[in-house]
1. Once you sort the root eigenvalues of the Cα gyration tensor of region 24-168 as a ≥ b ≥ c, which label holds: rounded (a/c under 1.5), prolate (a/b larger than b/c) or oblate (the other case)?
2. What translational D, rounded to a whole number of µm²/s, comes out for region 130-181 from Stokes-Einstein when the hydrodynamic radius is the Kirkwood one over Cα pairs, at 25 °C and 0.890 mPa s?
3. Please list His501, His155 in order of solvent-accessible area, largest first, computed with a 1.4 Å probe with all protein chains present.
4. Quick one: accessible area per residue over region 165-249, 1.4 Å probe, rounded to a whole number of Å²?
5. Sort region 381-511 into rounded, prolate or oblate with this rule: let a ≥ b ≥ c be the square roots of the eigenvalues of the Cα gyration tensor; rounded if a/c is under 1.5, and if a/c is not under 1.5, prolate when a/b is larger than b/c, oblate otherwise.
6. With N denoting the number of residues in region 162-294, provide Rg(C-alpha) divided by 2.2 N^0.38 Å, to two decimal places.
7. Please report, as a whole percent, how much of the solvent-accessible surface of region 163-250 comes from carbon and sulfur atoms (probe radius 1.4 Å).
8. Please list 3J(HN,Hα) in residue order for region 54-64, calculated via the Karplus relation 6.51 cos²θ - 1.76 cosθ + 1.60 where θ = phi - 60°; whole Hz, with x for glycine and proline.
Amino acid sequence: MGQKRSESLLLRGTVWLAVTSLIVKILSAVYRIPFQNMVGNIGFYIYQQVYPFYGIGMTFALTGFPTFISKKVAQESDEFQKKVVARNYWYLLLAFGCCLFGGMQLFANRIASGMGDPRLTVVIQNVSWMYLLLPFLAVGRGYCQGNLDMATTAHSQLVEQLIRVGVILAAAYIGIKQHLSLYLIGSWAILGGTFGALAASIFFWPVFWRNLRSVKMTVSFSELKKLARSLFSEGLIFCLNAALLILLQLIDSFTLKKYLQTTGLLPAAAASLKGVFDRGQPLLQLGLVITNAIAVSSLPTLVKQQQRQNEKVLKLRINQLFQLALLFALAAAVGLAVLMPQINWVLFGSTQGSWALAVNSVTIPLVTIITLDNVLLQIEEQQSAALKIILLIMVAKLIFNRLLIAPLGINGAAWASVLSLLLGTIVAGKLEKKTGFSYLKDHNWLWKMSGTLILMGAGTYLTADLVQQTVSFSRHGSLLILLVAIPIGGAIFFLLAFCLHILDWKLLKQH
């Protein structure tokens, strides 16, 4: 009876955590739209230049390290040993967080100069404060999840995001009303992450006060070194995989504005263009919400459930998962690309940069497949292969940015992201030998999928073009186009997908 109740609580907690994570991801994408409308392209540029430092830190605190620590805690049968494991990882992450905080405080000016904008120094220093809360969040979440308490993590995520978004939008609103410097507004807005993390830490105070405080057992330096090796290999690789898009943004923060200036643009004009390019980030995040949910949550569960079953059955199920995730990712990319001028106008008040944002939408299916391949590689204990893929993508992005931004502007930055991710997809498919590209070898499925996406794209474009002829070219007119074209495009996609049997209810329910 007690076991059934425990399983029921775990199931409810897991569902609540999944729903909360979805809400958090949507909030994380949507708040940027009113923020950009309030502060404009330059203000958005200031925030987005430094955002990758926050994004990487929260990947550490929200997914990567907590998942790793929860696995280590769950492996211990003795309650005291669970506390010892959590306490030891807290020591390591406390040192790690303090080093990152100290480094960013000391070298903020150099980092800002490396981005080509010394005025970002205070913004960078302000984002560093959240790293001091990293050990409390990561270990607190990991310990709770390792003890099957998903609800505490879910509540902390939701409160953290609500506080953060509230501070960011309040900073923008008050700053604009008071006619304050955009750099000052950006430095306040970026502190939203620290306030959110502080609020989330309160949920884990009982963990440290009641549980870990009682652990008096000493730990040797050699033991900590051994624990650090696993934490900063397996755990860190999982973090980097989850932060793949953020890493590309970080490279753009250091290169895009500087390379635009080499073409003769003044710093203010280059910053404004960088702000336009950054409009794509919330759109990509929204496009990846569903596919990430399918990819990251379903694959480990599927492998675990099928471990004792026929390998052919397992491979078939994994291929179906890849096809499902790729189908939705491509549909999101096509929809965004076709309707980008209208989406850009409605959300951001102009069509500037629509071509670059349309090209950038191609990154959605590429990131989806790389994420799936890397999760499989980690399940198969091939962490080094997953790390090589991430490093390859980053190096390729640096090279393509250098080659393409000067002649093509922000369009070049978009193509650089697509080409680097395409290279990563090819390498990931070759390294992941068990599955590889087997999900693409079903030529019948490929033809049906291609036909569905082409007809969906054509139907959406023709609908938008038809409505465009009857409305004014304005924000309201573009909104009307979207309200008509999106449902029609969605209806064409689902109707064809179900009729051609590339989607079925059983497959959707499994994931």
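1. Here region 24-168 falls in the oblate category.
2. Calculated translational D: 189 µm²/s.
3. The most accessible residue leads, giving His501, His155.
4. 52 Å²
5. Details: a/c = 2.87, a/b = 1.27, b/c = 2.26.
Here region 381-511 falls in the oblate category.
6. Ratio of Cα Rg to 2.2 N^0.38 Å: 1.48.
7. For region 163-250, the apolar C and S fraction of the accessible surface comes to 69 percent.
8. Ordered by residue, 3J(HN,Hα) equals 5, x, 5, x, 6, 5, 4, 7, 9, 10, x Hz.
The values are calculated or read from the model by the stated rules, or taken from the named source; none is laboratory data. Quick caveat: nothing in here was measured; it's all calculated off a predicted structure. When we count neighbours, we look across all protein chains shown, and the Cβ atoms used for this are built from the backbone with ideal geometry, even at glycine. Side chains included, ligands, DNA and RNA excluded: accessible areas come from the protein's heavy atoms. Shrake-Rupley method; radii C 1.70, N 1.55, O 1.52, S 1.80 Å.
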